[in-house]
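Structure, as structure tokens:
The values are calculated or read from the model by the stated rules, or taken from the named source; none is laboratory data. Just so we're clear, the structure is a prediction, and the values are computed from it rather than from any experiment. Using ideal geometry, Cβ is built from the backbone for each residue, glycine included, and neighbour counts are taken over all protein chains shown. In case anyone asks, the SASA skips ligands and DNA or RNA and just uses the protein heavy atoms, side chains included. Shrake-Rupley method; radii C 1.70, N 1.55, O 1.52, S 1.80 Å.
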Amino acid sequence: MVRLTTRLGEKHKVAGYVDRIRKFRGHENSAPAGYAIAGEATDIRAPKQYYTSEIKYTGTITSKFLVEAGFAINNESYDLTPLNLASVPQLENGGQTPTNALFIPKRDVTLQTSFDQYDGGIYYREPIRKTFVTSASYVTGSHNIKLGWQYGFGYFWRQRRMAADAVQLYRSGVASQVIIYNTPQSSQSDMNADEGIYLQDQWTLGRLTANLAVRMDLMKASVPAQSAPAGTWLGARQYDAVDNLPNWKDIGPRVGVSYDVFGNGKTAIKLNTGKYLEAAVNGNGNYSALLPTSRI
């Protein structure tokens, strides 16, 4: 992790940091809990770009006027690579390897074993969120006014390719079933805007303090046009873009008052009311936005 701060004269400060994580897992597997997993049926999880970074500017323009602005990127990209990689057709060319050349993933549901090949194939995920924030504050003897803007955007892209696009199931060594998959898969969902604009004022009149605020929120996501090559069981697929998944707008007022009963700061009566929106996430936890699930 690196964190740096510098001053540009007496009124301006710039700070930034990068936090890069090297999170490595060897011999990982997605078989059900309790299974005995052979070494060749595991994968390696390794980060490609796994970091959080931010840069922020703070300007004390006058004793009453403060300006702040910042930009941040969160990237949690990693891949799962089977140890027996040579038997899995590669994602980028969508090529087909003859079935007899593949080590097909196998599970024995009676003996609870997993062997021959990792049953998750090559998997790559790239969730990226970028956020820009800025605000301006003006403070007087009786007013503390702040105007701000928050804007987030990004995308979530995933790919998967499995050996033979199937997992074979056995019972005490005897073949019984097969699970087939629609791989190769490629999907992307976009967060076009997770935006908020707010105005607030803390107004003091003697013993009475009023907190007045209003916030406008915008949430917009979409699925871009995308395709997937042919696999063992399905042909090539192509889907058109779909916009406004969702496209939400809302305005939330917030009001609070407090009264210093005896004027000594020890006893106060407070009353607050406001409208707050529930945060929507896509299950990944990386976005404070509802991202649609792609159809591929």
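Here GLN238 does not qualify as surrounded by 15 or more Cβ atoms within 10 Å (Cβ to Cβ) and of a type outside the set (Phe, Trp, Tyr). Among the residues of the range 69-86, those that are part of a strand (DSSP E or B) and not polar (S, T, N, Q) comprise ALA69, GLY70, PHE71, ALA72, ILE73, GLU76, TYR78, ASP79, LEU80, PRO82. Applying the condition of being loosely packed, with under 13 Cβ neighbours inside 10 Å and among the aliphatic types (A, V, I, L, M) to the range 1-27 and asking which residue is modelled with the lowest pLDDT yields ILE21. Test LYS130 against the criterion of being basic (Lys, Arg) and closer than 20 Å to ASN75 by Cβ, and give yes or no. Taking the combined requirement at face value, the residue satisfies it.
Of all residues in the range 141-181, those that are open to solvent by 50 Å² or more (accessible area, probe 1.4 Å) and either hydroxyl-bearing (Ser, Thr, Tyr) or within 30 Å of THR209 (Cα to Cα) (or both) total 13.
Scanning the range 256-280 for residues that are surrounded by 10 or more Cβ atoms within 10 Å (Cβ to Cβ) and within 25 Å of ASP194 (Cβ to Cβ), we see that the one that is modelled with the lowest pLDDT is ALA280.
If you go through the range 253-279 and keep only what is in contact (Cβ under 8 Å) with a residue 40 or more places away in the chain, aliphatic (A, V, I, L, M) and outside any loop (DSSP other than H, G, I, E, B), you end up with VAL255, VAL257. Taking the numbered list (1) within 28 Å of the chain's Cα centre (by Cα); (2) open to solvent by 30 Å² or more (accessible area, probe 1.4 Å); (3) modelled with pLDDT under 80 in turn, ASN84 passes all entries but (1). For the range 147-186, residues that are among the hydrophobic types (A, V, I, L, M, F, W, C) and in contact with a helix residue (DSSP H, G or I) (Cβ under 7 Å, 6 or more places away or on another chain) total 3. Looking across the range 216-252, the residues that are in a strand (DSSP E or B) and of a type in the set (Val, Ile, Thr) come down to VAL223, VAL242, ILE251.
Entry remark, the range 31-68: residues being open to solvent by 30 Å² or more (accessible area, probe 1.4 Å), of a type in the set (A, V, I, L, M) and assigned to a strand (DSSP E or B) number 6 in total.
Yes/no matrix, rows are residues, columns are (1) touching a Cys at 6+ places or on another chain (Cβ under 8 Å); (2) farther than 30 Å from LEU234 by Cα; (3) aromatic (Phe, Trp, Tyr):
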position: GLN150; (1), (2), (3): no, yes, no
position: PHE153; (1), (2), (3): no, yes, yes
position: ILE180; (1), (2), (3): no, no, no
position: LEU205; (1), (2), (3): no, yes, no
